[in-house]
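Here's the structure, in structure tokens; my notes come after.
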């Protein structure tokens, strides 16, 4: 992927031994990657939701790709489809950069470990949001192959699939942002609005998940503690 995107990785390290003999605790192996690049003047949005009323847009395709996911790890599941890189990853990146270049994106965040649910929690630590996934369109087939859109994506896949090549954008001017995404030919969907004190996610199964800022903060802090 570094070669495909022309990314200069100049160094890195993976620490496999993060145990404390003194306290009998440990954290998972920790990779660090060093990169270098040149950026011109640009509007750099924050990673967290900022302004109530902003429209939330999910860029990229979601597939039922839970194999090897954090969701499966937590529940001890095996099997399932493992995420594969999308075709034309540079086009997705260029479209997000172009959208940000409009100056109308107030926050942006990638979707990676833990899927959409975790990314939304990371964005909603100060300002909440109302998310509706009842109409989220899944894509069947292998990434890179023209798939068939399906409205029947299971709630667990919609929330926790780790399909690659997805980004969440928040904007007060969705028309300006979607015009750029459409011009680039990149799939995208409006999934909610910024605002409120909690993160509320309505799933395709009709259930509503409500998480307070305190619950999100406690969960985030738990992953940095040394575990026995």
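List of remarks:
- The stretch 206-227: number of residues that are more than 15 Å from residue 118 (Cβ to Cβ) and either surrounded by 12 or more Cβ atoms within 10 Å (Cβ to Cβ) or modelled with pLDDT of 90 or more (or both): 6
- Here residue 131 passes the criteria (1) farther than 26 Å from residue 218 by Cα; (2) part of a strand (DSSP E or B); (3) touching a helix residue (DSSP H, G or I) at 6+ places or on another chain (Cβ under 8 Å) except the one numbered (1).
- Some residue of the stretch 88-100 being out of contact with any helix residue (DSSP H, G or I) (no Cβ under 7 Å at 6 or more places or on another chain) and part of a loop (DSSP other than H, G, I, E, B): yes
- Test: residue in the stretch 23-36 that is closer than 21 Å to residue 114 by Cα, assigned to a strand (DSSP E or B), modelled with pLDDT of 95 or more and in contact with a strand residue (DSSP E or B) (Cβ under 7 Å, 6 or more places away or on another chain): no
- Count of the stretch 1-22 residues which are free of Cβ contacts under 8 Å to residues at least 60 places away in the same chain, surrounded by 11 or more Cβ atoms within 10 Å (Cβ to Cβ) and not in a loop (DSSP other than H, G, I, E, B): 3
- Enumeration of residues in the stretch 52-65 that are under 20 Å from residue 193 (Cα atoms) and assigned to a loop (DSSP other than H, G, I, E, B): 52, 53, 54, 60, 61
- Conditions (1) in a loop (DSSP other than H, G, I, E, B); (2) closer than 23 Å to residue 204 by Cα; number of the one not met by residue 49: (2)
Here is a yes/no grid of residues against (1) modelled with pLDDT of 95 or more; (2) surrounded by 13 or more Cβ atoms within 10 Å (Cβ to Cβ); (3) under 25 Å from residue 175 (Cα atoms); (4) out of contact with any strand residue (DSSP E or B) (no Cβ under 7 Å at 6 or more places or on another chain):
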| site | (1), (2), (3), (4) |
| --- | --- |
| 84 | no, yes, no, yes |
| 109 | yes, yes, yes, no |
| 125 | no, yes, no, yes |
| 138 | no, yes, yes, no |
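- Cβ-Cβ contacts under 6 Å between residues 6 or more apart (or on different chains), taken from a first residue in the stretch 77-92 that is within 15 Å of residue 1 (Cβ to Cβ) to a second residue that is at pLDDT below 90 and assigned to a loop (DSSP other than H, G, I, E, B), are listed as 84/143; 86/143; 87/144.
The values are calculated or read from the model by the stated rules, or taken from the named source; none is laboratory data. No experiment lies behind these values; they were computed from the predicted model shown. So basically every Cβ, Gly included, is an ideal-geometry build from the backbone, and we count neighbours across all protein chains shown.
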